[in-house]
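Quick notes on the structure that follows.
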Amino acid sequence: MTDTAPDIALARALLHEAMELQAAGNLAAAEERYRLVIDADYRTAEVLPILAGILGLRGATEEALELWDTLLAIDPDHAVAHHEKGLIYSRTGRPDLAITAMQAACAADPANPVAANNLAVMLSDAGRKIEALDQFRRAQALQPGNIHIEHQIRRLSAEMVPFWHIPMLNDVRRNDAFEAAIIAALAQTGPDARVLDIGTGSGLLSMMAARAGARSVTACEMVPIIADMARQIIADNGYAERITVHTAPSTELKVGEHLDERADILVSEILSSDLLTEHVIDTFEDAHARLLKSDAIVIPRAASAIGCLVESQVLADYVFVDQVSGFDISRFGALASPKLPIHGTMTDWKRLSDDVELVHIDLTRTQHQSDLHLLQINVLEDGIATGIVQWMHVDLADGITFDNHPDGYTDGGWLQVLHNFPEPVAVRAGDVLNVAVGHDRVTLIVRPLEVIAAAEQVKVA
């Protein structure tokens, strides 16, 4: 169609008809006329979004994408086109393309809270949680008081920060023990000692060191949201000039870049309920090799896994299965987790042995090997052994220890752990249960071997 007055008049009439048909709900007829308007090259940039929207409604997503691309060829910064492309890619299972398109929408219209929120959701769904949180916060700044956005920020933050941080911070016995060890270390070395805090969390142990007189504390925290919060808390308490927090695992720290020189004191509370899961051995070995002086004070200096043999029907129902509704389901027990976190004072279990040391880790050593050894447990009570309930004993300094023994620990972040056997083991008072115990540097190994009955022990004697 040539650009003449009658042609323009016809195109204008077709556009008017299309809009009326769309308003009446006759999208098929409206679509036909919108196409004619575009063919006439009349108000194309205005009509393309309308037609692309109609195509999207009837599921013609690929053709809709083509129209949005046609519009972007005319106007590369068309925010709506980028936004709608992002939504189409998201709905059709193309997350990387969706994120790229929505990022372009945000760049084209940075004041649009809907685009920021949609980008945040896409990033979160793709597992890019740190970037998602940044976008949710940007959306919140654009739309203060939006409860949905505030909920997403809180939800996502909680996903990245394990729940045990707050009960751990409220653990007075743990805090007092660590602070006593830190004070003792600085009394020995003096205030010029360089302190390294690995896995600083809230910054608590670093602030304890600064309060005890340390003039220079270097801390690291690998979770960005936690590291950012630590810096704010440290500033709130007036120690920002003496404590530096790096957002990195300790294995990425370098002397000469992050530390002026090797540290005189290491303080680190990365012990897990089952002792080693948070790569304690790897972390301490690396610190000894690269970040600490040869005579550095290490807090804690040792940690042990202690446990006892237990019977518990409550726990057995979590880790064993046999007959269910008349069916033999026992094979499914092979898929059960080999350990179960428990709260010792809130779980019904019966002690079948004294406390025994399962594993001892000397954290002042520079090298560790995986370990597996035979442990003989003397059975004190008849019962059906579900497994071994394990807790920790932590040696921080001379005369300063901490433990989460289930008989007297109710207010901290550590739980106890049931290392359940592959199947229940019947024992009687006087028996000896041979158990293979040890670690693979990251997890504890607890495996029952055989029961030696009291009568057999007498024969051997």
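The values are calculated or read from the model by the stated rules, or taken from the named source; none is laboratory data. This structure is a prediction, so every number in the text was calculated from the model and none was measured. With ideal geometry, Cβ positions are generated from the backbone for all residues, glycine too; neighbour counts draw on all protein chains shown. SASA here: full protein model, heavy atoms, side chains in, ligands and nucleic acids out. Shrake-Rupley method; radii C 1.70, N 1.55, O 1.52, S 1.80 Å.
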Got a number for residues in the stretch 336-363 being within 25 Å of the chain's Cα centre (by Cα), closer than 24 Å to Val451 by Cα and either aliphatic (A, V, I, L, M) or not in a strand (DSSP E or B) (or both)? 4
Candidate set from the stretch 248-268 (those that are free of Cβ contacts under 8 Å to residues at least 60 places away in the same chain and within 27 Å of Val394 (Cα to Cα)); member that is surrounded by the fewest Cβ atoms within 10 Å (Cβ to Cβ): Glu252
Residues of the stretch 393-424 being within 17 Å of Pro167 (Cβ to Cβ), in a strand (DSSP E or B) and acidic (Asp, Glu), in sequence order, are Asp403
Is it the case that some residue within the stretch 103-114 is open to solvent by 70 Å² or more (accessible area, probe 1.4 Å), among the aliphatic types (A, V, I, L, M), within 23 Å of Gln140 (Cβ to Cβ) and part of a helix (DSSP H, G or I)? yes
Residue count, the stretch 284-318 (criterion: assigned to a helix (DSSP H, G or I) and open to solvent by less than 20 Å² (accessible area, probe 1.4 Å)): 5
Could you list, in sequence order, the residues of the stretch 385-405 that are under 24 Å from Ser337 (Cα atoms), in contact with a Leu (Cβ under 9 Å, 6 or more places away or on another chain) and either open to solvent by 10 Å² or more (accessible area, probe 1.4 Å) or polar (S, T, N, Q) (or both)? Thr386, Gln390, Asn404
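Is it fair to say Ile130 is more than 24 Å from Thr44 (Cα to Cα), under 26 Å from the mean Cα position of the chain (by Cα) and modelled with pLDDT of 95 or more? Talk me through it step by step, then tell me what you get.
Working: more than 24 Å from Thr44 (Cα to Cα): yes; under 26 Å from the mean Cα position of the chain (by Cα): yes; modelled with pLDDT of 95 or more: no.
It is false that Ile130 is more than 24 Å from Thr44 (Cα to Cα), under 26 Å from the mean Cα position of the chain (by Cα) and modelled with pLDDT of 95 or more.
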Can you find, within the stretch 136-154, the residue that is farthest from the chain's Cα centre (by Cα) among those that are closer than 20 Å to Asp228 by Cβ and open to solvent by less than 40 Å² (accessible area, probe 1.4 Å)? Ala139
Within the stretch 334-354, is even one residue touching a helix residue (DSSP H, G or I) at 6+ places or on another chain (Cβ under 8 Å), open to solvent by 10 Å² or more (accessible area, probe 1.4 Å), within 24 Å of Gly408 (Cβ to Cβ) and of a type in the set (Ser, Thr, Tyr)? yes
So Val217 passes all but one of these: (1) open to solvent by 20 Å² or more (accessible area, probe 1.4 Å); (2) part of a strand (DSSP E or B). Which condition number does it fail? (1)
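So which residues in the stretch 185-210 are out of contact with any helix residue (DSSP H, G or I) (no Cβ under 8 Å at 6 or more places or on another chain), open to solvent by 10 Å² or more (accessible area, probe 1.4 Å) and not in a loop (DSSP other than H, G, I, E, B), if there are any at all? Give the derivation first.
Our first condition is that a residue be out of contact with any helix residue (DSSP H, G or I) (no Cβ under 8 Å at 6 or more places or on another chain); within the stretch 185-210, this holds for 185, 187-192, 194, 210.
Those left that are additionally open to solvent by 10 Å² or more (accessible area, probe 1.4 Å): 187-192, 194.
Those that are out of contact with any helix residue (DSSP H, G or I) (no Cβ under 8 Å at 6 or more places or on another chain), open to solvent by 10 Å² or more (accessible area, probe 1.4 Å) and not in a loop (DSSP other than H, G, I, E, B): Ala187, Gln188, Thr189, Arg194.
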Taking the stretch 98-138 only, how many residues are without any contact (Cβ under 8 Å) to a residue 12 or more places away in the chain and touching a helix residue (DSSP H, G or I) at 6+ places or on another chain (Cβ under 7 Å)? 1
State all residues of the stretch 36-73 that are basic (Lys, Arg) and under 20 Å from Asn26 (Cβ atoms); if no residue qualifies, say none. Arg58
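Residue check: is Leu444 within 26 Å of the chain's Cα centre (by Cα), open to solvent by 10 Å² or more (accessible area, probe 1.4 Å) and not basic (Lys, Arg)? Before you say what the answer is, go through the steps one by one.
Values: within 26 Å of the chain's Cα centre (by Cα): yes; open to solvent by 10 Å² or more (accessible area, probe 1.4 Å): yes; not basic (Lys, Arg): yes.
Yes.
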Take Leu253 and tell me if it is within 30 Å of Gly307 (Cα to Cα) and at pLDDT 95 or above. no
Is it the case, given these coordinates, that Val321 is assigned to a loop (DSSP other than H, G, I, E, B) and over 30 Å from Asp192 (Cα atoms)? yes
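Which members of the stretch 425-441 meet the condition of being outside any strand (DSSP E or B) and either surrounded by fewer than 22 Cβ atoms within 10 Å (Cβ to Cβ) or without any contact (Cβ under 8 Å) to a residue 24 or more places away in the chain (or both)? Spell out the reasoning first.
Going residue by residue through the stretch 425-441, those that are outside any strand (DSSP E or B) are 428-431, 440-441.
Matches in the stretch 425-441: Arg428, Ala429, Gly430, Asp440, Arg441.
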State all residues of the stretch 243-276 that are out of contact with any strand residue (DSSP E or B) (no Cβ under 7 Å at 6 or more places or on another chain) and outside any loop (DSSP other than H, G, I, E, B); if no residue qualifies, say none. Thr251, Glu252, Val255, Ser272
Sort out which residues of the stretch 24-75 are in a loop (DSSP other than H, G, I, E, B), over 17 Å from Leu14 (Cβ atoms) and of a type in the set (A, V, I, L, M, F, W, C), and write them in order of number. Ala60
